[in-house]
Amino acid sequence: MKKIVFWLHRFVLAYGIIMLSTFFMCLLFNPASELPVVPFFGRCILFTLVCMATLVVYYSKAELTLRGWWIRTILHTVLLEAVLLPLAHHWEFWYGPLDAIIYASFILAAKILWHLIDFGQSIRTATQINKQLLRRHNHQKQGEN
């Protein structure tokens, strides 16, 4: 159950980042655009599911080294661009070469935002674990005295 909640949390986070990126792309480059709401939200959900599927790149039976993490992060970035750009073009989210560059930069910015949020959540979790370990250590010391 915890894994389902974990992946649901990641899905909502990715969906939110996609929606935020879309908002800023439209605001900056096409403020007069009108999107058909239902198909657009459906495509964003599919977009998010595709993004989540690409996370398989990070799967490892052993803990990743820093070098391994960087290699997989670069591979994941290339994979995201290779999968999302054609899909977005098929759905007419972008049209020409300049649009492709802008769209690719927004995909990269969204990935960076994802890592910043994930890093912040990891720090919070590590802090909570360290507090619990400190409490346990202090409790064991009191039991010895």
| field | 21 Å Cα-Cα reach of Lys61 towards lysines, excluding residues that sit fewer than 8 places from it in its own chain | value | Lys2, Lys3
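Return the equivalent ellipsoid semi-axes of the chain as a descending list in whole Å, where each equals the square root of 5 times an eigenvalue of the C-alpha gyration tensor. The partial results should precede the final answer.
Working: eigenvalues 298, 59, 38 Å².
For the chain, the semi-axes come out at 39, 17, 14 Å.
Could you pull out every whole DSSP H run in the chain that spans at least 18 Å of Cα extent along its own axis and averages 1.6 or higher on the Kyte-Doolittle scale?
Values: long enough: 2-29 (40 Å, 1.55); 37-54 (26 Å, 1.88); 66-90 (36 Å, 0.81); 97-144 (70 Å, -0.18).
Membrane-span-like by this rule: 37-54.
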| remark: Taking a probe of 1.4 Å and leaving out DNA, RNA and ligands, the chain shows per residue an accessible area in Å² of 74
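Determine the dipole magnitude for the chain: charges of +1 sit on the beta-carbon of Lys and Arg, -1 on that of Asp and Glu, nothing else is charged, the reference point is the Cα centre, and the result goes in debye to the nearest 20. List each step's numbers first, then the result.
Numbers: 13 positive and 7 negative charges, 197 e Å.
It works out to roughly 940 debye.
Between Glu92 and Lys3, what FRET efficiency comes out of the Förster formula 1/(1 + (r/R0)^6) with R0 = 30 Å and r the beta carbon distance, rounded to 0.05?
Working: r = 36 Å, r/R0 = 1.19.
So, using R0 = 30 Å, E works out to roughly 0.25.
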| For Pro86, net neighbour charge (Lys/Arg +1, Asp/Glu -1) across residues whose Cβ lies under 14 Å away | -2
| note | The alpha-carbon center of segment 3-65 and that of segment 76-96 are separated, in whole Å, by 13
| said: 7 Å from Cα along Cα→Cβ at both Glu63 and Arg135: what's the point-to-point distance in nm? | reply: 2.3
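Calculate what fraction, in whole %, of the accessible area of the chain sits on carbon and sulfur atoms when a 1.4 Å probe is rolled over the protein chains. Write down the numbers at each step before the final one.
Numbers: 7470 of 10710 Å².
Accessible surface attributable to carbon and sulfur in the chain totals 70 percent.
Compute the signed sum of charges (Lys and Arg +1, Asp and Glu -1) over the other residues within less than 14 Å, Cβ to Cβ, of Leu49.
Working: positive: Arg10, Arg43; negative: none.
Neighbourhood net charge equals +2.
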| query | How much length is gained on full extension from Phe40 to Gln142, taking 0.36 nm per residue of separation minus their Cα-Cα distance? | reply | 30.8 nm
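The values are calculated or read from the model by the stated rules, or taken from the named source; none is laboratory data. Fair warning: this is a prediction, and the values are worked out from it, not measured in the lab. For neighbour counting, all protein chains shown are included, and Cβ atoms are generated from backbone atoms with ideal geometry for every residue, glycine included. These accessible areas exclude ligands, DNA and RNA; they are computed on the full protein's heavy atoms, side chains included. Shrake-Rupley method; radii C 1.70, N 1.55, O 1.52, S 1.80 Å.
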